[in-house]
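The values are calculated or read from the model by the stated rules, or taken from the named source; none is laboratory data. All figures in this text were calculated on a predicted structure; none of them were measured in a lab. Here the Cβ positions follow ideal geometry from the backbone for every residue, glycine too, while neighbour counts run over all protein chains shown.
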């Protein structure tokens, strides 16, 4: 007999540098790991597997020999017929490694006194076979999908023998075990292993959970993908289980991202069905260019930026509705310059890469999802009831100077005209009705119903995979006469034509239709404002049940205002058609070289018709005419990419080269026509029935970018990584000398956990340092700003004929790129077998030459001149942490939290031209989005206080001559003794101190309870309701927050000054009394899911299935007095500083839903 003997003890001399590195790491992580005992047992010693590898049994024993003091003795040909052993990267005990290696045969081993393990083959005992227990079952993943190829192993019995079987295509297995005490181990690459004692069970079904840490998770980056361990930039991946839960009942996937990713601030400016959200990644870089600083979206390879698509936030087509959230496979967010520079100017504000689901090899699979939602507004704004309304009017008139010429006063007040001025004698009761209407009950539905359905068919073979899907949403709006429908379809195919050629393509199409009774989504008079200002005391229906207008005196004379239900009788119909598609061909002419050509196209069409009957308009004493506005805008984009990618390896050194060319063209067309005067308000309301055309416009804009890009990646043993990106763009927006921009970046990582001094550590699984520096640019300026343009419109007439006029923009030949330089430092870690994971990032972004309007002499004619004028900086910290707090065979409690702060500073303004409407939002040395106004010291309580203030003023008037007891005492900031505009100062900012989210998932067998909270802390905003109602005009109602909280002799602790008609003392000036904190903590979603048991699955002939009940926006903790602190407004076109004011737009929905997910 030939015996294999191997020696196992090798000494290696350690260098001084190794000891220094060990000391540094121990110092950094001592506080986290010092409480963990360090156990070393003979057969519990660990073997380190540095990468996924397949070894013969002899090679396995060699590996043990190299890392321990053991040696082996066995017959040289004993394992010749045994299969190879697949080992995955990580650590494994010697005991488990031996069991795994010897599981395919009948062996026993014993350890001798000199650390020699002797392995012997044991003859099969036929007697034992006759009493064996037959166990059958099925292995699936946590979605119920069968797992073929799972190793099912019976652990060694007293004779140290094992049995191994493998599940079939349907995940089924059958295995014989010697007794009920036998333990079965279920093992499959990429999933957590599971052990189950047989007991008295004859059927054992098992669900394996994915173990991302055991796989090299793939992360999508620009024009490619990398293993997550090799990513060197700041890239975050959305946890799809949380995303799927949040996407229930939403039309666009962007609305489901809030609170999920560190450093990504999501603001829902409106709850209107189908409306987009505002997403900001790492702060504002271009505050005055007209850009919204939105990220670049890349959906299945098709890039587009909603910033550059006019109409998206103006009731136009939302391109993000093209893809149903249920069809999304992964979302990766590129944040720092190192990650985004490969996209050049288009990625200056971050990149969101979205990949839809694809077919997989195997038999055809059908997935069906359905849910029903029951929704109400998350909150409504309470106005005064009739009794409070009359009391408020009494307080207004009591503190006001009576005028015999004011129609409002004459209507609401009894006056003694024998005095001059007349004195107030009390309310005129005849001016008030007897109704007591809560208008929130009238304009909002009691319960809005939404139904959502999705079906996918997928499958594949060795050569081809495919998926086809359909989805639909039928949604009732929260307000009456409001409905939304969305229909999506998608198809994807990949096919290998040969060993060298692969082709594929994706098509995503969508159609959505909305019908609303509102005349516009961009108005201050939204549904909440209309409901608040409507009088509660007047009837709104006549004897026949028809809606009637009211007398109103807000303007100082009598007008007739439609009631809120009348204002919802417009016919606002929008049809949007969306398409995103791509096709590619991929050729591998030689090993490791891939050539790829892809063509990506996007088309977004929006058609909108708004008919406004005259009954929905304010009657100022002359006859109104009904109006019609027809508009259509079309956005199209065509992008072609040519890339070559070559990967090669020299020993442990891995290299990757990418070079590419991109050709991008975008075209936008907008047509608008307005008409007035129609025979009726129901039938003859088309354009040809109008009396006249009031205006028309038609414009087309084209722009393009040509780009060259490259990337070099280097990896050494998954320990060190280096990435170098370079891109150059040439844009049609800039002059001949500035067309081209250059965007380089360098980034690298060092995974300390791979170093030899940590290789034997069982508790630190990952400890990776990241660093990057790079530059990106943006083209946030009107097209061809370096050229003089000419145009004409319906209002450009000369001598009664159409005239051509110069554009209002003075050309600037030297206009150039905005450039942002950024460096990022990060740390990623996981410990205790990946039970705890986290990451930390610090970044510093500096933008120079931000585009802005520049002062220009009026004598030149044009009113606009753009140049590279402003400097802006952003610094921030991002932290995320996740942990499996409790993890047993049947129960799992997983917790994740992310926390971010960004400090934006407007470094230089350089006298940029800023509209007076937003000038208060831009202060050098402060964040963009400041709130500027007066500080209120107190409310003046006595005449003595007032006299003292006036006595200290240089002209004897502290604020205004009408200032009296009950008015605000504003702070004299500059100390000149009186209140002027120079006393206005920064009193708040829309920038939060920090924001983020946290989630919990509790799983027990087939039950799962998950929740997601979102929070934002430290920001402020003006409440528009107070800004508009502080004038105390007669004829309208006010919010209860204001009307019930004004100063009076019996309410001296009130928040607000006394209400005086037309506010002669200026109490309604912007001040901190109209500003509130927008901080909030919200339970954004909670869901209880039940996996259907096997018996039901089999009876229904399903592969898997679950049912769920979920809640959305069920609870919010905030001090904001309006409808919602997050949904800030729809008034006018959105802007960078829109969050400085909140005008109570269309509210978010608070919903309960039930549904199911089935797979056939």
Selection status of residue 462, part of a loop (DSSP other than H, G, I, E, B) and more than 23 Å from residue 377 (Cα to Cα): yes
Residue list for the range 1087-1104, restricted to those being in contact with a strand residue (DSSP E or B) (Cβ under 9 Å, 6 or more places away or on another chain) and either more than 29 Å from residue 1017 (Cα to Cα) or not in a strand (DSSP E or B) (or both): 1089, 1090, 1091, 1092, 1094, 1096, 1097, 1100, 1102, 1103, 1104
Test set (1) surrounded by 16 or more Cβ atoms within 10 Å (Cβ to Cβ); (2) at pLDDT below 80; (3) assigned to a helix (DSSP H, G or I) - residue 58 fails condition number: (2)
Selection from the range 412-458 of residues that are assigned to a helix (DSSP H, G or I) and in contact (Cβ under 8 Å) with a residue 24 or more places away in the chain: 412, 439, 440, 442, 443
Subset of the range 396-409 [surrounded by fewer than 19 Cβ atoms within 10 Å (Cβ to Cβ) and part of a helix (DSSP H, G or I)]: 398, 407
Checklist (1) at pLDDT below 80; (2) part of a strand (DSSP E or B) applied to residue 91, failing item: (1)
The one condition in (1) part of a strand (DSSP E or B); (2) modelled with pLDDT of 90 or more; (3) crowded, with 16+ Cβ neighbours inside 10 Å that residue 657 fails to fulfil: (3)
Scope the range 372-388; condition within 30 Å of residue 431 (Cα to Cα) and buried (at least 21 other Cβ atoms within 10 Å of the Cβ); matching residues: 380, 381, 383, 384
Any hit, the range 1151-1160, residues being more than 19 Å from residue 1008 (Cα to Cα), under 25 Å from the mean Cα position of the chain (by Cα) and not in a loop (DSSP other than H, G, I, E, B): yes
Among the candidates 630, 718, residue that is modelled with pLDDT under 90 and either in contact with a helix residue (DSSP H, G or I) (Cβ under 9 Å, 6 or more places away or on another chain) or surrounded by 17 or more Cβ atoms within 10 Å (Cβ to Cβ) (or both): 718
Extreme residue, nearest to the chain's Cα centre (by Cα), among residues of the range 850-891 that are assigned to a strand (DSSP E or B), modelled with pLDDT of 80 or more and surrounded by fewer than 16 Cβ atoms within 10 Å (Cβ to Cβ): 885
In the range 1105-1150, residue farthest from residue 1041 (Cα to Cα) [restricted to those that are in contact with a helix residue (DSSP H, G or I) (Cβ under 9 Å, 6 or more places away or on another chain) and part of a strand (DSSP E or B)]: 1105
Checklist (1) under 30 Å from residue 919 (Cβ atoms); (2) modelled with pLDDT under 95 applied to residue 1004, failing item: (1)
Enumeration of residues in the range 518-539 that are surrounded by fewer than 21 Cβ atoms within 10 Å (Cβ to Cβ) and at pLDDT 90 or above: 536, 537, 538, 539
Count of the range 444-495 residues which are modelled with pLDDT under 90 and surrounded by fewer than 17 Cβ atoms within 10 Å (Cβ to Cβ): 3
Of all residues in the range 138-150 being more than 18 Å from residue 1160 (Cβ to Cβ) and at pLDDT 80 or above, the one that is surrounded by the fewest Cβ atoms within 10 Å (Cβ to Cβ): 150
Subset of the range 1019-1037 that is in a loop (DSSP other than H, G, I, E, B) and at pLDDT below 95 - its residue that is nearest to residue 387 (Cα to Cα): 1037
Selection within the range 749-767 - closer than 20 Å to residue 712 by Cβ and in contact with a helix residue (DSSP H, G or I) (Cβ under 9 Å, 6 or more places away or on another chain): 749, 751
Failed criterion for residue 976 (all others in (1) touching a residue at least 60 places away in the same chain (Cβ under 8 Å); (2) over 30 Å from residue 283 (Cα atoms) hold): (1)
Where residue 927 falls short, out of the listed (1) farther than 18 Å from residue 972 by Cβ; (2) more than 51 Å from the chain's Cα centre (by Cα): (2)
